[in-house]
Amino acid sequence: MGLMLLLDRITDSGISGSLVLWILLAGALGLTLWECRERAYRLKVLLWWMFFVFLTHVVGYIVLRLVRPRDA
């Protein structure tokens, strides 16, 4: 999440501009935790899935912040 804070500073969007993305990240991690616990995965597998979801969301966040539509 430190990377997300750094990108907020670089792009001058502020934390409030990405509040929805923070909520989506927390929701995705929560749902991953819930699903892994329901399937009774071991701790190592649960952590792998949490890390995987975190990384894919951070990459998506970077793409959303750095790729901007061109002005017409």
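Among 23, 62, sorting on how many other beta-carbon atoms sit within 10 Å of each Cβ, with the fewest leading, yields 23, 62. As a proxy for reagent exposure, 34, 48 were ordered by neighbouring Cβ count within 10 angstrom, fewest first; the result is 34, 48. Sorting 63, 45 from the fewest to the most surrounding beta carbons within 10 angstrom yields 63, 45.
Only the coordinates and a few stated rules stand behind these numbers; no lab work does. As the structure is a prediction and not an experimental result, all values here were calculated from the model. Virtual Cβ from ideal backbone geometry, glycine too; neighbours counted across all protein chains shown.
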